[in-house]
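Written below as C-alpha cells is the structure these notes are about.
Here, each number is a calculation from the coordinates, and none is a lab measurement. Quantities reported herein were computed from a predicted structural model and do not represent experimental measurements. FYI the Cβ positions are ideal-geometry reconstructions off the backbone, even for glycines, and counts take in every protein chain you see.
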Amino acid sequence: MGVLKRTQEDLVLAHLKMYGTITGREAYSTYGIMHLPKRINRLKRWDGVFIGSEKIPVKNKFRETVWISQYWLTNMEGERI
C-alpha cells in the first residue's frame, strides 16, 4: 500500500481550517513553502474554496514596519469563516 503525499495546497488549506489565517512567513517557517501566493491562487481555483486577504503591518529584523499579506477562508460572499 502506497503512502499518500500531501501537496503544499493541502497543507495550506488544513492550516487555514485549523488556525484561521496564514502569512508567507508562517508558510515558510512551518511548511517550507517559499511562494505562498502561488499556493493560494491554486486553492482559489478549487471548487468551494474561497480565500480573502489583506495587508498587515509587521516588524522586520531591523525593527522597521513592513506590510505582508495575510490570508483566510471566506464564504461565497467574502465573509470570514
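Structural remarks
- Listed residue (LEU36, ASN60, LEU73) projecting farthest to the positive dipole end of the chain, Cβ model: ASN60
- Cα-based convex hull volume of the chain per residue, rounded to whole Å³: 110
- In the chain, lysine pairs with alpha-carbon atoms under 27 angstrom apart (chain gap of 8 or more, or interchain): 11
- Footprinting exposure proxy for THR65, THR7 (fewest neighbouring C-beta atoms within 10 Å first): THR65, THR7
- Unit charges on C-beta of K, R, D, E only; dipole of the stretch 31-72, Debye: 160
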